[in-house]
Amino acid sequence: MKRIIATILVGLAVIAGASRADAQLRFGVKAGVNVNSFHFDTDVFNAHNRAGFTGGVMMEFTAPMTGLGLDLSVMYTRRNAKWMENNNLVNDNRDYLSVPLHLKWRISIPVINKVFRPYILTGPDFAVLTSKRAITDGIRNRKFDTSWDFGAGVELFSHLQVGASYGIGMTKALKAFGVTGSGEVAGRNRYWTITAAYLF
C-alpha cells in the first residue's frame, strides 16, 4: 500500500512540476460501462461475463511536443460477476473506489489533430472495495484489488475522448475456502471497459 501511495504522489508531483514548463494540464468527467469476468484457478467454478458501470473525474497531463503524459482518474466502479458453484448460481455485485494511473500517448497527426487524435494507454488500476466482503459462508471478496490496463481511443474536437481498455487482475480479488474440498480457491478480475470523457 505504501508503494502504491508513493507512486501516485510521485506522479502528481511530476504533473505539478511539468505544468509550469508550458505543459498541458486538463480536468474532466468520465463515465462508461464494463464487462467483468472472474478467472478462477480451478475449473470447479463456471464463471460468466456480467455488465457493470463506472463514473468519476479525471486529470490529464501531457508533456509539450511529445504527446506523452499521465492520465489519473478517481472512479466509482461497479463490477458484477456470476458463476455456478455446486449447481447453485452465485451473484457477486462489487462496488469499488478505483484509481487508474495510466501512461498515455496522444498520437500527433498534422492538420487533423484538432478534430481527430488517437491515443494509447497502459498502467495500473488500484481499487478499494466499498461494498460487503462476504458472498457466502466460504467465499469473500478481497478488500484491495490491483489490475493492469491496456487501452486505446480517440480524442474528438480537442475535448471529447472515447476509449476502450482491457484490465488484467494482478491480485486475487476473491478467495473461497473449503468450497471444493481442496483448500483455497482464488479468482482474478478480467474486464473490458468502454468510457467517454469530456475534458475542459
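The values are calculated or read from the model by the stated rules, or taken from the named source; none is laboratory data. None of these values were measured; they are calculated from a predicted model. Using ideal geometry, Cβ is built from the backbone for each residue, glycine included, and neighbour counts are taken over all protein chains shown. We work out accessible area using only protein heavy atoms, side chains counted, and drop any ligands, DNA or RNA first. Shrake-Rupley method; radii C 1.70, N 1.55, O 1.52, S 1.80 Å.
Mind checking whether some residue in segment 137-145 is small (Gly, Ala, Ser), in contact with a strand residue (DSSP E or B) (Cβ under 6 Å, 6 or more places away or on another chain), open to solvent by less than 40 Å² (accessible area, probe 1.4 Å) and closer than 23 Å to residue 48 by Cβ?
Yes; the residues of segment 137-145 include at least one that is small (Gly, Ala, Ser), in contact with a strand residue (DSSP E or B) (Cβ under 6 Å, 6 or more places away or on another chain), open to solvent by less than 40 Å² (accessible area, probe 1.4 Å) and closer than 23 Å to residue 48 by Cβ.
Quick one: in segment 28-61, which of the residues that are at pLDDT below 90 and of a type in the set (Ser, Thr, Tyr) is surrounded by the most Cβ atoms within 10 Å (Cβ to Cβ)?
37
When you scan segment 82-133, how many residues do you find that are aliphatic (A, V, I, L, M), open to solvent by 50 Å² or more (accessible area, probe 1.4 Å) and closer than 16 Å to residue 173 by Cα?
So the answer is 2.
Looking only at strands (runs of 3 or more DSSP E) that fall completely inside segment 62-165, which ones have 3 or more residues that are at pLDDT 95 or above?
Here the list reads 68-85, 88-106, 116-129, 144-156.
For a quick check of your reading of the model, give me the residue pairs whose first member lies in segment 48-59 and is under 15 Å from residue 94 (Cβ atoms), whose second is aromatic (Phe, Trp, Tyr) and open to solvent by 70 Å² or more (accessible area, probe 1.4 Å), with beta-carbon atoms closer than 9 Å and at least 6 apart or on different chains.
Cβ pairs passing all conditions: 49/192; 53/76; 54/76.
Working only within segment 64-75, note down all residues that are touching a residue at least 40 places away in the same chain (Cβ under 8 Å) and surrounded by fewer than 18 Cβ atoms within 10 Å (Cβ to Cβ).
64, 67, listed by residue number.
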